[in-house]
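As structure tokens, the structure follows; a few thoughts come after it.
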Amino acid sequence: MSFPFILTVVVLLLHCHSCDTDMVYDQFRQPDQGVWTWNDALEFEADIQDTLSLHNIYLQVRHTTEYPMSNLYMFVHIKSPTGQHLSDTVNMTLAAPDGRWTGKGNGNIRELMLLYRKQTLFRVPGTYIITLEQAMRSEELPVTDVGVRIERSNP
């Protein structure tokens, strides 16, 4: 590859990154060997200092096209810096009734983002621990990555 090509790619990546000014937190965790098991609770530590803005919280999943079902149930646990707990069960639809995958992707990997909480106010600054657990009847699922994204909401 030539130097001008590499320089162009780097400039474009930096430009795109700077456009995402509302993003506060965006992390993925990889289950062992691309298989998410019941025992594999994935933990995310988001340091939130902005207690005045509203935020949207998204759950993100990357899965293979070998995924055997059309949805994914997850247990979501959020622990605030004060120790308060919130627990939910979330159903993420991965495929339409006709079998088409709802996520984006090429090849055998699909990625999907679900708005979990809209216009959420974090009342206390500090580290919020978000734990995701798969809650399906199958002990093992072909899920390659699980993520959490938090961004400022513009009402």
### Summary
GNM of the chain, Cα pairs under 10 angstrom: of Q134, Q30, Q84, the biggest fluctuation goes to Q84
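Determine the dipole magnitude for the chain: charges of +1 sit on the beta-carbon of Lys and Arg, -1 on that of Asp and Glu, nothing else is charged, the reference point is the Cα centre, and the result goes in debye to the nearest 20. Intermediate values should be presented prior to the final figure.
On the way: 12 positive and 18 negative charges, 84 e Å.
Rounded to the nearest 20 debye, it is 400 debye.
Within the chain, which is the longest segment containing none of the trypsin sites (Lys or Arg not before Pro) that sit in a DSSP loop and have at most 15 other Cβ atoms within 10 Å? Write out the running numbers ahead of the final one.
Details: sites that count: R100, R123, R137.
So the longest stretch without any such site is 1-99.
Run the numbers on the chain and let me know its relative contact order in percent, using alpha-carbon pairs under 8 Å that are six or more apart. Please list the in-between numbers first.
Numbers: 326 pairs, mean separation 65.9, N = 155.
So the answer I get is 43 percent.
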### Message
Compute a Gaussian network model of the chain, connecting alpha carbons closer than 10 Å, and tell me which residue from N71, N56, N108 fluctuates the most.
### Response
N108
### Query
Considering the chain as a Gaussian network with a 10 Å cut-off on Cα pairs, which listed residue, P142, P31, P97, attains the greatest mean-square fluctuation?
P97
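Calculate, for region 78-155, the solvent-accessible area per residue in square angstrom, rolling a 1.4 angstrom probe over the heavy atoms of the protein chains. If you can, show how the numbers build up before the last one.
Working: 4540 Å² over 78 residues.
I get 58 Å² per residue for this part.
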### Task
Could you give me the radius of gyration and the Dmax of region 51-104, taking only the C-alpha atoms into account and expressing both in angstrom?
15.0, 45
### Query
Of T51, S70, W38, which is farthest on the positive side of the dipole of the chain, counting Cα position, with +1 on Lys and Arg Cβ, -1 on Asp and Glu Cβ, and the Cα centre as origin?
T51
### Query
Of S87, I130, Q119, which is farthest along the charge dipole of the chain in the positive direction, counting Lys and Arg as +1 and Asp and Glu as -1 at C-beta?
Q119
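The values are calculated or read from the model by the stated rules, or taken from the named source; none is laboratory data. Because the structure is a prediction, the values reported are computed rather than measured. Heads up, the Cβs are rebuilt from the backbone with ideal geometry, glycines too, and the neighbour counts pull from every protein chain shown. All accessible areas refer to the heavy atoms of the entire protein, side chains included, with ligands and DNA or RNA removed. Shrake-Rupley method; radii C 1.70, N 1.55, O 1.52, S 1.80 Å.
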